[in-house]
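Taking it in order: structure first as structure tokens, then the write-up.
Read the figures in this text as sums done on the coordinates, not as results from a lab. Model, not experiment: these values are computed from the prediction. Neighbour counts run over all protein chains shown; Cβ positions are idealised from the backbone, glycine included.
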Amino acid sequence: MTAIPTVPLNTGAGIPQIGLGTWPLTDSEAADAVVAAARAGYRHFDTATRYGNEAGVAEGMRRSGIDRDELFVTTKLDGEFQGGDRAIPGLEAALERMDLDHVDLLLMHWPLPARGQFVSTWKTFEQLHSDGRARAIGVSNFTPAHLDVLLGEASIVPAVNQIQISPLTPRDEWVTYNARHGIVTESWSPLGGPGAEVLAAPELAPIAQAHGVTVGQVVLRWHVQRGLVPLPKSSNPERMAQNMDVFGFELSDDDMSAIAALERPGTGVDPDRDGH
Ligand code: A2P
């Protein structure tokens, strides 16, 4: 198995190109999953205040016995922490739950454009970055239109935009926009979410067979070849190991197009209306 490579962030730090998704695990499930994932070779873990499992993720990081400096952890602050510098106590409470002095990446969980507070919240994120408690800052579920507004006011360009991407919702325009601004795109629910529905698509089986891999590996390889950072969730050690073992084969252009053809236009979350 090849080690997970890193992708450069605009801060100069590197982010491991596959991270472990942890929603909807409880604290104790997340701790066990992180320990198993670290044993398999994962170094990147994704949580959020809203998931209610930050403490478990951090506990798993400690139990793994791996140096904190070799691990990359992300958390996200939801709408409760937008506006009025609320992100400061928000991150402080998260760090206290995690018993950490910094996170590697702090994300604004949703833009909630109707509230009109994502720009002021970003200013608070910039402070949290300059005082070192968030080594990198970014956003989640932001469309190009939201980012146009943010970038018009920001001193710091988000390092990351984490969005819902799977072959069902490939979001080419959003990915291209992010790349044009040096923003790394992370994929949440990269296998299509709970139940991994996309893996049942009959088009995937022959591709997997041709490469001698599983359909899950085909889909995760499709993310990686697009330059994305997928965050597959699994609590099963065998599937965890499988999901990071996608650096030893290459999909052809035909494979990539066949996978992209699984798109179901009009599906997926709508960040203009959805979120919390
Ligand atoms: P499990 O935790 O039992 O492995 P997503 O990351 O898109 O949200 O998908 C998560 C879902 O996909 C979970 O139900 C997870 O179940 C399942 N899953 C994760 N990896 C694989 C895989 N390699 N093959 C099949 N199902 C998978």
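So which GluC sites (Glu not before Pro) in region 127-227 end up in coil per DSSP with only 13 or fewer other C-beta atoms within 10 Å? The qualifying sites: there are none. Averaging 1/r across all pairs of distinct Cα atoms in region 42-188 and inverting the result yields a Kirkwood radius of 15.5 Å. Suppose a student asked you for the relative contact order of the chain, using Cα pairs under 8 Å spaced at least 6 residues apart; what percent would you report? That works out to 20 percent.
Place a point 7 Å from the Cα of Val119 along the Cα-to-Cβ direction; which residues of region 137-164 have their backbone N under 15 Å from it? So the set is 145-156.
Approximating the spin labels as points 7 Å out from Cα along Cα→Cβ, the Arg264-to-Asp131 distance works out to 4.5 nm.
Among Gln117, Gln162, Gln82, the largest mean-square fluctuation in a Gaussian network model of the chain, built with springs joining Cα atoms closer than 10 Å, belongs to Gln117.
Remind me, relative contact order of region 70-206 in percent, using alpha carbon pairs under 8 angstrom and six or more residues apart? Please list the in-between numbers first.
Working: 199 pairs, mean separation 25.8, N = 137.
Once divided by the residue count of region 70-206, the mean separation gives 19 percent.
In the elastic network of the chain, a GNM with C-alpha springs shorter than 10 Å, the most mobile of Arg43, Arg135, Arg264 is Arg264. Here the chain carries DSSP beta bridges of which approximately 15% are antiparallel, counting only pairs with both residues inside. Relative to the longest principal axis of the Cα atoms of the chain, helix 118-130 runs at roughly 90 degrees. In this structure, Ala200 and Ala179 have a Cβ-Cβ separation that, at R0 = 30 Å, corresponds to a calculated FRET efficiency of about 0.50.
Think of each Lys and Arg Cβ as +1 and each Asp and Glu Cβ as -1; about the Cα centre, that makes the dipole of region 90-177 roughly 180 debye. Extension gain for Ala93-Asp274 works out to 62.6 nm (0.36 nm per residue, less the C-alpha to C-alpha distance). Between the Cα long axis of helix 27-40 and the first principal axis of the chain there is an angle of about 50°, rounded to the nearest 10.
State to the nearest 20 debye the size of the charge dipole of the chain about its Cα centre, where the only charges are +1 on K and R beta carbons and -1 on D and E beta carbons. List each step's numbers first, then the result.
Working: 21 positive and 36 negative charges, 17 e Å.
The dipole magnitude comes to about 80 debye.
Build a GNM of the chain with springs between Cα atoms under 10 Å apart, and of Leu25, Leu262, Leu231 the one that fluctuates most is Leu262. Overall shape: oblate for the chain, with the ratio a/c of the largest to smallest alpha carbon gyration tensor axis at 1.5 or above and b/c at least equal to a/b.
State the antiparallel share, in %, of DSSP beta bridges confined to region 1-94, rounding to the nearest 5.
Details: 3 of 8 bridges.
Counting only bridges with both partners in region 1-94, antiparallel ones make up about 40 percent.
Expressed as a whole number of Å, what is the distance separating the alpha-carbon centroids of region 193-208 and region 220-276? Comparing the Cα centres of region 220-276 and region 193-208, I get a distance of 11 Å. For region 163-276, the relative contact order is 34 percent, taking Cα pairs closer than 8 Å that sit 6 or more residues apart in sequence and dividing their mean separation by the residue count.
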